[in-house]
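The values are calculated or read from the model by the stated rules, or taken from the named source; none is laboratory data. Since we're looking at a predicted model, the values are computed, not measured. Cβ placement follows ideal geometry from the backbone for every residue including glycine, while neighbour counts extend to all protein chains displayed.
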Amino acid sequence: MPSLKALRKRITTVRSTQQITKAMKMVAAAKLRHAQLAAERARPYAEKLGALLAAVAAGIDPEAPAHPLLARREARRVDLVVITSDRGLCGGYNANLLRRAALFVREHPGVEVALTLVGRKGIEHFRRRGAVIVAQRTGILTTPVGEMAAALGASLTTRFADGETDAVHLVFSRFRSAIAQLPTVVQLLPVAPPATAEDGSPTDYLFEPTRPVLLDRLLPRYVQTVLTQALLEAVASEHAARMTAMENATNNATEMIASLTLLMNRTRQAAITKELMEIVSGAEALKG
């Protein structure tokens with residue numbers, strides 16, 4: 001049985017850890033409010049831009065040369081963009097994303113997969129496994145989302161337009177709630193074919209400038225918007241996962257402190273009982 005001194009020291013250590021986890025939970029909760037609001041506000045814009053892109057692309061002459069970002073080729077080389085966090089202490093957030101990325105690779109046997117990694121955890125994971133990494137970025141929580149999305153979008157669209165890759169897929173965590181974040185795979189390039197109305201005919205619009213010119217402007221912006229939305233969802237998911245993990249750690253510390261305090265009290269009572277028994281035994285021996 002541990003000594004009283006060891007138990008007191010351990011309780012003090014656990015209590016200090018509890019204070020840290022509680023503070024981290026509060027910080028993550030405060031940041032989550034802003035990140036969640038940003039992600040939710042960006043969703044309608046992304047949806048409307050996708051609808052506009054569909055309306056523009058639907059009226060393009062099918063015999064006309066396809067835009068480079070709409071070109072469909074046999075997927076022999078695929079770029080996979082994996083968005084993880086730079087820091088840990090966020091539960092299974094990174095593990096779930098890396099597991100989903102590994103599943104994507106297994107689902108595409110015979111395909112050459114090159115990785116574009118955002119987040120130090122993903123970089124360290126795939127570097128240890130000798131994966132092909134074409135680009136890497138850190139500072140997802142400190143770099144402006146628009147700036148990072150623009151840089152990623154320019155690099156990925158250039159590789160796709162130059163024929164260095166046949167498709168680009170995106171792995172990120174979609175924010176659902178503070179306790180639910182869903183690892184998601186989205187095809188970024190080539191841009192998905194436009195959706196039409198239920199009767200099969202697109203809605204007729206008048207466009208200025210012409211559809212090809214407008215499409216040429218919208219496609220790069222659409223790619224950047226999808227990346228921006230994914231980064232915002234990832235940031236909100238990371239804060240939510242960290243808040244939940246720190247809350248669980250705080251609760252576990254509370255239970256551990258209670259258990260150690262009970263054990264310390266029992267140890268102290270046992271020591272007092274033993275001392276009393278020794279005193280009584282000594283007194284009885286003196287009487288005899």
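Evaluation of Arg41 against the conditions (1) crowded, with 16+ Cβ neighbours inside 10 Å; (2) at negative phi; (3) at pLDDT 90 or above shows that the sole unmet condition is (1). Can you pull out the residues in the range 130-147 that are assigned to a loop (DSSP other than H, G, I, E, B) and in contact (Cβ under 8 Å) with a residue 40 or more places away in the chain? Thr138, Gly139, Ile140, Leu141 - these are the residues of the range 130-147 that are assigned to a loop (DSSP other than H, G, I, E, B) and in contact (Cβ under 8 Å) with a residue 40 or more places away in the chain. Would you pick out the residues in the range 107-139 that are of a type in the set (Val, Ile, Thr) and surrounded by fewer than 19 Cβ atoms within 10 Å (Cβ to Cβ)? Hits for the range 107-139 are Val111, Val113, Val132, Ile133, Val134, Thr138. Is it true that Arg106 is of a type in the set (Lys, Arg), modelled with pLDDT under 95 and not in a helix (DSSP H, G or I)? Against the criterion (of a type in the set (Lys, Arg), modelled with pLDDT under 95 and not in a helix (DSSP H, G or I)), Arg106 does not qualify.
Annotation: of all residues in the range 180-231 being of a type in the set (Gly, Ala, Ser) and at pLDDT 90 or above, the one that is nearest to Pro44 (Cα to Cα) is Ala230. Among the candidates Ala241, Ala245, the residue that is farther than 30 Å from Thr158 by Cβ, surrounded by 12 or more Cβ atoms within 10 Å (Cβ to Cβ) and touching a strand residue (DSSP E or B) at 6+ places or on another chain (Cβ under 8 Å) is uniquely Ala241. The set of residues in the range 252-283 that are more than 30 Å from Lys25 (Cβ to Cβ) and among the acidic types (Asp, Glu) comprises Glu275, Glu278. Any chance the range 54-64 includes a residue that's at pLDDT 90 or above and over 30 Å from Glu233 (Cβ atoms)? No, the range 54-64 contains no residue that is at pLDDT 90 or above and over 30 Å from Glu233 (Cβ atoms). Against the test of being more than 29 Å from Ser177 (Cβ to Cβ), assigned to a helix (DSSP H, G or I) and among the aliphatic types (A, V, I, L, M), the options Ala249, Ala230, Ala285 yield a single qualifying residue, Ala285.
Residues in the range 15-30 that are crowded, with 18+ Cβ neighbours inside 10 Å and of a type outside the set (Gly, Ala, Ser): Gln18, Thr21, Met24, Lys25.
In this structure, Thr225 does satisfy being surrounded by 14 or more Cβ atoms within 10 Å (Cβ to Cβ), under 30 Å from Ala38 (Cα atoms) and touching a residue at least 24 places away in the same chain (Cβ under 8 Å). Checking the range 269-288 against the condition returns no match, with no residue being among the basic types (Lys, Arg) and either surrounded by 11 or more Cβ atoms within 10 Å (Cβ to Cβ) or at pLDDT 90 or above (or both). Among the residues of the range 158-172, those identified as farther than 25 Å from Arg106 by Cα and either among the hydrophobic types (A, V, I, L, M, F, W, C) or in a helix (DSSP H, G or I) (or both) are Thr158, Ala161.
Per the conditions (1) surrounded by 14 or more Cβ atoms within 10 Å (Cβ to Cβ); (2) touching a residue at least 24 places away in the same chain (Cβ under 8 Å); (3) part of a helix (DSSP H, G or I), the sole criterion not satisfied by Arg99 is (1).
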